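K.L.:
Below are the structure tokens for one structure; questions will follow.
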Amino acid sequence: MEASIALRLPRDAASVPLIRQMLDGTLRSLGVEGGIRDDIELMLTEACSNVIRHAEPSDDYTVSATVHDDRCFIRVVDNGHGFDPDKLEEPKPGAEHGRGLMIMRALADDIRFTSKRENGAMVCLEKRLRYAPGAAGPHLMSANHRSSSASR
């Protein structure tokens, strides 16, 4: 089974709750455990907030999220000038801003950055999912594997 959401959003803080609620609703429907959903919500919020705060002015940015098997993949893409995540300074203790990448790195099972000077930046986040007992997600995924195998 694969569930996907893809939205082109205005570069506005009001867009963050929209995509966050849509993804959380999908994960909740599949029966993903609350703690995992909370981690994904925070990673997504940080990635989108970074676009809104730091990307060059543009009309929009794109968020796509895919649930495939036991993983959630999130891509946040902007049209700015890009950045080098290895050259960013660590935030000072008690700093109000600057912890977004550190939070994403702590919560994601995998994180990748692609940055091109004139084509913007892409943040790819991956999180392994855990499901509540009796959740629909694992059943639907295994049903998809059986039908794919049977049609070969």
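K.L.:
Pulled fully out, how much extra length does the chain show between Ile5 and Arg128, if you take 0.36 nm times their separation in residues and subtract their Cα-Cα distance?
P.N.:
Working: separation 123, 0.36 × 123 = 44.28 nm, distance 1.75 nm.
Answer, rounded to one decimal: 42.5 nm.
K.L.:
Given 0.36 nm per residue, what is the gain on full extension from Phe113 to His139 after removing their alpha carbon distance, in nm? The partial results should precede the final answer.
P.N.:
Numbers: separation 26, 0.36 × 26 = 9.36 nm, distance 3.27 nm.
Residue separation times 0.36 nm, minus the Cα-Cα distance, leaves 6.1 nm.
K.L.:
Around Arg11, which amide H atoms from residues at least 5 apart in sequence, or from another chain, sit under 5 Å from its own amide H, with H modelled in the peptide plane?
P.N.:
For Arg11, the qualifying residues are Asp60, Tyr61.
K.L.:
With label points built 7 Å along Cα→Cβ from the Cα atoms of His54 and Asp12, find their separation and express it in nm.
P.N.:
2.4
K.L.:
With label points built 7 Å along Cα→Cβ from the Cα atoms of His68 and Arg28, find their separation and express it in nm.
P.N.:
Result: 2.7 nm between the two label points.
K.L.:
Highest mean first, what order results for 125-135, 2-12 on Cβ atoms within 10 Å? Write down the numbers at each step before the final one.
P.N.:
On the way: 125-135: 16.2, 2-12: 14.1.
With the highest mean Cβ count within 10 Å placed first, the list reads 125-135, 2-12.
Every number here is computed from the coordinates shown, using simple stated rules; none is lab data. Here the structure is a predicted model, which means the values were calculated and not measured. Cβ: placed from backbone, ideal geometry, glycine included. Neighbour counts: every protein chain shown.
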